[in-house]
Amino acid sequence: MIISSLVAMNGNKLIGVNNDLPWKLKDDLEHFKNYSMHKPIIMGRNTYDSIGRPLPKRTNIIVSKTLSEVPGCYVCNSLDQAVLLGKEHTNDEVILIGGAKIFKEGMKLINKLVISWVDADHLIGDVYFPDFDMDNWIEVSNDIYQKSDSNEFSFKISEYIKK
Ligand SMILES: NC(=O)c1ccc[n+]([C@@H]2O[C@H](COP(=O)([O-])OP(=O)(O)OC[C@H]3O[C@@H](n4cnc5c(N)ncnc54)[C@H](OP(=O)(O)O)[C@@H]3O)[C@@H](O)[C@H]2O)c1
C-alpha cells in the first residue's frame, strides 16, 4: 500500500499563505486532480476550510478534533485513524494532501512523496512543509512545466520513493 504526501512548495518549503496557496498554477491543480482522482485523500481542518467543499470522486477524510460532521466527508480525530479509514477504501494509495500539521505528523507514515517544486523562492507566507532529509528519498520521475498564462511560475513535479 502506498501512503503518499502530495504537495506544492517553493525552495524554502513554503506551502501556504492566509489559508490559501501562495500561487496560481492551473497545470498543478490539474495534476493534483488527476493524481488524487478515485483515491482517499486526508487533510487537516484548515486545508478543508481552504478548499471549502468535498472534492468529487475521492474519499474525503478530514482530521479534526473540533469538527464532528461534514456532509460528503469523513471526519477523524487523529491522523492514525484517518489513515486506517483511508486504507479501508483502497488497495492502492492513500494520499495526505496537507497542510503542514498533517504533512509533519505524516512524515513517519509515508513511503512516497510527490512534490511540485515551484520556482518562486522570493514569496513570503505563513505555512511551511516540515524539514526532511532528501537523502532518504530517491527521485523516480520528474516533469517540467514552464511559466505561462495559466501558470504564474514555472515548476517541476518530482516523484520520490523512500529508500
Ligand atoms: N501547497 C500545498 O500543497 C498545500 C497543501 C495543503 C494545504 N496548503 C496550505 O496550508 C495551509 C493550511 O495548513 P495548516 O498547517 O494551517 O493546517 P492543516 O494541517 O490543514 O489543519 C490543521 C488542523 O487540522 C486538524 N489536525 C491536524 N493534525 C491533527 C491531528 N494529528 N489530530 C487531530 N487534528 C489534527 C486540527 O483541526 P482542529 O483544530 O479542528 O482540531 C488542526 O487545527 C493553507 O495555507 C493551505 O492553503 C498547501
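Nothing in this text is a laboratory measurement; each read-out follows from the coordinates by a stated rule. Small disclaimer: the values here were computed from a predicted structure and weren't measured. Heads up, the Cβs are rebuilt from the backbone with ideal geometry, glycines too, and the neighbour counts pull from every protein chain shown.
Before moving on, here are some points about what is shown:
- Annotation note: of S141, S116, the sole residue that is in contact (Cβ under 8 Å) with a residue 40 or more places away in the chain and either surrounded by fewer than 16 Cβ atoms within 10 Å (Cβ to Cβ) or in a strand (DSSP E or B) (or both) is S116.
- Filter result for E93 (acidic (D, E), surrounded by 15 or more Cβ atoms within 10 Å (Cβ to Cβ) and away from the ligand (no atom under 11 Å from the Cβ)): yes
- Count - residues of region 54-63 that are near the ligand (Cβ under 8 Å from one of its atoms) and surrounded by fewer than 17 Cβ atoms within 10 Å (Cβ to Cβ): 0
- Meets criteria (among the aliphatic types (A, V, I, L, M), within 12 Å of the ligand (Cβ to nearest atom) and more than 26 Å from E152 (Cα to Cα)) for A82: yes
- Counting only residues that are more than 18 Å from K13 (Cβ to Cβ) and in a strand (DSSP E or B), region 144-160 holds 3 of them.
- From G44, G72, G86, residue being over 27 Å from I144 (Cβ atoms), out of contact with any helix residue (DSSP H, G or I) (no Cβ under 9 Å at 6 or more places or on another chain), buried (at least 17 other Cβ atoms within 10 Å of the Cβ) and in contact (Cβ under 8 Å) with a residue 12 or more places away in the chain: G86
- For region 8-33, taking the residues that are within 12 Å of the ligand (Cβ to nearest atom) and part of a helix (DSSP H, G or I), the one that is farthest from M134 (Cα to Cα) is identified as L29.
- Boolean, T47 is away from the ligand (no atom under 16 Å from the Cβ) and under 15 Å from the mean Cα position of the chain (by Cα): no
- Restricting K162, K108, K101, K156 to those that are within 17 Å of the chain's Cα centre (by Cα) and either touching a residue at least 60 places away in the same chain (Cβ under 8 Å) or surrounded by 15 or more Cβ atoms within 10 Å (Cβ to Cβ) (or both) reduces the list to K101.
- Extreme residue, farthest from V7 (Cα to Cα), among residues of region 34-93 that are assigned to a loop (DSSP other than H, G, I, E, B) and charged (D, E, K, R): E69
- Filtered by the rule that a residue be among the acidic types (D, E) and either surrounded by fewer than 19 Cβ atoms within 10 Å (Cβ to Cβ) or at positive phi (or both), region 4-41 gives D20, D27, E30.
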